[in-house]
1. Can you tell me which residue is surrounded by the most Cβ atoms within 10 Å (Cβ to Cβ) among those in the stretch 81-92 that are within 14 Å of R115 (Cβ to Cβ) and touching a helix residue (DSSP H, G or I) at 6+ places or on another chain (Cβ under 7 Å)?
2. Has the stretch 102-120 got any residue that is among the aromatic types (F, W, Y), modelled with pLDDT of 95 or more, closer than 27 Å to Y14 by Cα and surrounded by 13 or more Cβ atoms within 10 Å (Cβ to Cβ)?
3. Out of (1) loosely packed, with under 14 Cβ neighbours inside 10 Å; (2) in contact with a Phe, Trp or Tyr (Cβ under 9 Å, 6 or more places away or on another chain); (3) at pLDDT 90 or above, what's the single condition that is false for E67?
4. Specify which of the listed residues (E67, E125) is out of contact with any Ser or Thr (no Cβ under 6 Å at 6 or more places or on another chain), part of a helix (DSSP H, G or I) and among the acidic types (D, E).
5. Answer yes if at least one residue in the stretch 38-54 is of a type in the set (S, T, Y) and free of Cβ contacts under 8 Å to residues at least 60 places away in the same chain, and no otherwise.
6. Quick one: which of E41, E51 is surrounded by 16 or more Cβ atoms within 10 Å (Cβ to Cβ), out of contact with any His (no Cβ under 7 Å at 6 or more places or on another chain) and acidic (D, E)?
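The values are calculated or read from the model by the stated rules, or taken from the named source; none is laboratory data. Keep in mind it's a predicted model, so treat the numbers as computed, not measured. FYI the Cβ positions are ideal-geometry reconstructions off the backbone, even for glycines, and counts take in every protein chain you see.
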Amino acid sequence: MKLDEVPQDHSSTYGGHSKLVYAVDASGHYQGAQSDGWEPEAYATQLAVAELREQEAEAQQAWQRGEQSPLKCLMYRYRLDELALSQISGLWQWRIRRHFRPAIYRRLSVAVLARYAEAFGLPVEQLIGYQRDRA
């Protein structure tokens, strides 16, 4: 992309901010440029966020029915997937999937809950409360 072709579509997904992209200047060298959005990127972002909201709603319903722990609901609420949660928490993905089971989640130690709490930016007491409650 050439420097004068950097999109400036004033995307609502950027929230008034801009991001750095690289484009080719007149002499053929890469140079950083600010973009405040690109409509196709904004559309893709909105689709992805809508999908995460649907997944969160499904996970919350499963939690309310007692079929899953609140962990999966929180994972989607904070825009994570199993891989990202694994990387942030330092727990293996298979352990995270296991913790989606309510009986396993209720027996989690405070240390493991603290790792999840840090990943979500929540107080650990809130996750401890979820061990007893449903949505």
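1. Checking each candidate, the answer is L85.
2. Within the stretch 102-120, one or more residues are among the aromatic types (F, W, Y), modelled with pLDDT of 95 or more, closer than 27 Å to Y14 by Cα and surrounded by 13 or more Cβ atoms within 10 Å (Cβ to Cβ).
3. It is condition (2) that E67 fails.
4. Answer to the check: E125.
5. Scanning the stretch 38-54 turns up at least one residue that is of a type in the set (S, T, Y) and free of Cβ contacts under 8 Å to residues at least 60 places away in the same chain.
6. E41
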